[in-house]
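S.K.: Just dropping this structure here.
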Amino acid sequence: QVQLVESGGGLVQPGGSLRLSCAASGSIFSINAMVWYRQAPGKQRELVAAITSGGSTNYADSVKGRFTISRDNAKNTMYLQMNSLKPEDTAVYYCNAYRDHTHNYWGQGTQVTVSS
């Protein structure tokens, strides 16, 4: 079983940067992908970025060139570096560890607010 805890959210001005962290406990070796999702008020949860166990990455078109997903296996931590933040990036960001439909783990979420 995997437990996930997000941190690093906060209030930033447009154009600013934040780095989100997702600390994992339990075995992550059975996990096929680590994923960042976000959900804004009144909108569906959307995939932001993903990284596979082999290191391949995938990004939503809206964040390509601005966000970078990475992992530090020694620390069992996943990161999302967010640069050039826009007001439309405002959302609760969730860490997800995916194996299959019966093994799909979520963190509690961290709030990111981009506003001047």
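The values are calculated or read from the model by the stated rules, or taken from the named source; none is laboratory data. Please read these numbers as outputs of a predicted model, since none were measured by experiment. FYI the Cβ positions are ideal-geometry reconstructions off the backbone, even for glycines, and counts take in every protein chain you see. In case anyone asks, the SASA skips ligands and DNA or RNA and just uses the protein heavy atoms, side chains included. Shrake-Rupley method; radii C 1.70, N 1.55, O 1.52, S 1.80 Å.
S.K.: Percent relative contact order of the chain, based on C-alpha pairs within less than 8 angstrom and at least six residues apart? It would help to have the intermediate numbers written out before the result.
M.R.: Numbers: 279 pairs, mean separation 43.0, N = 116.
The normalised contact order for the chain reaches 37 percent.
S.K.: Per residue, how much accessible area does the chain have with a 1.4 Å probe, in Å²? Please list the in-between numbers first.
M.R.: On the way: 6310 Å² over 116 residues.
Ligands and nucleic acids excluded, the result is 54 Å² per residue.
S.K.: If you stretched the chain out fully between Gln1 and Thr52, how much longer would it get, using 0.36 nm times the residue separation minus the C-alpha to C-alpha distance?
M.R.: Between Gln1 and Thr52, full extension yields 16.6 nm more.
S.K.: Still on this structure, please answer the following. Can you tell me what share of the DSSP beta bridges in the chain is antiparallel? A percent to the nearest 5 is fine.
M.R.: Details: 40 of 43 bridges.
Of those bridges, close to 95 percent are antiparallel.
S.K.: Computing the accessible area with a 1.4 Å probe over protein heavy atoms, can you report the carbon and sulfur percentage for the chain?
M.R.: Numbers: 2880 of 6310 Å².
Result for the chain: 46 percent of the exposed heavy-atom area is carbon or sulfur.
S.K.: While we're on this one: For the stretch 64-116, what class follows from the C-alpha gyration tensor (a ≥ b ≥ c being the square roots of its eigenvalues): rounded when a/c is under 1.5, otherwise prolate if a/b is larger than b/c, else oblate? Could the numbers behind the result be given before it?
M.R.: Values: a/c = 2.36, a/b = 1.60, b/c = 1.48.
Prolate is the answer for the stretch 64-116, as a/c is 1.5 or above and a/b outweighs b/c.
S.K.: Turning to a different aspect of this structure: If you put +1 on each Lys and Arg Cβ and -1 on each Asp and Glu Cβ, how big is the dipole of the chain around its Cα centre, in Debye rounded to 20? Please report the intermediate quantities before stating the final value.
M.R.: Details: 10 positive and 7 negative charges, 18 e Å.
I would put it at about 80 debye.
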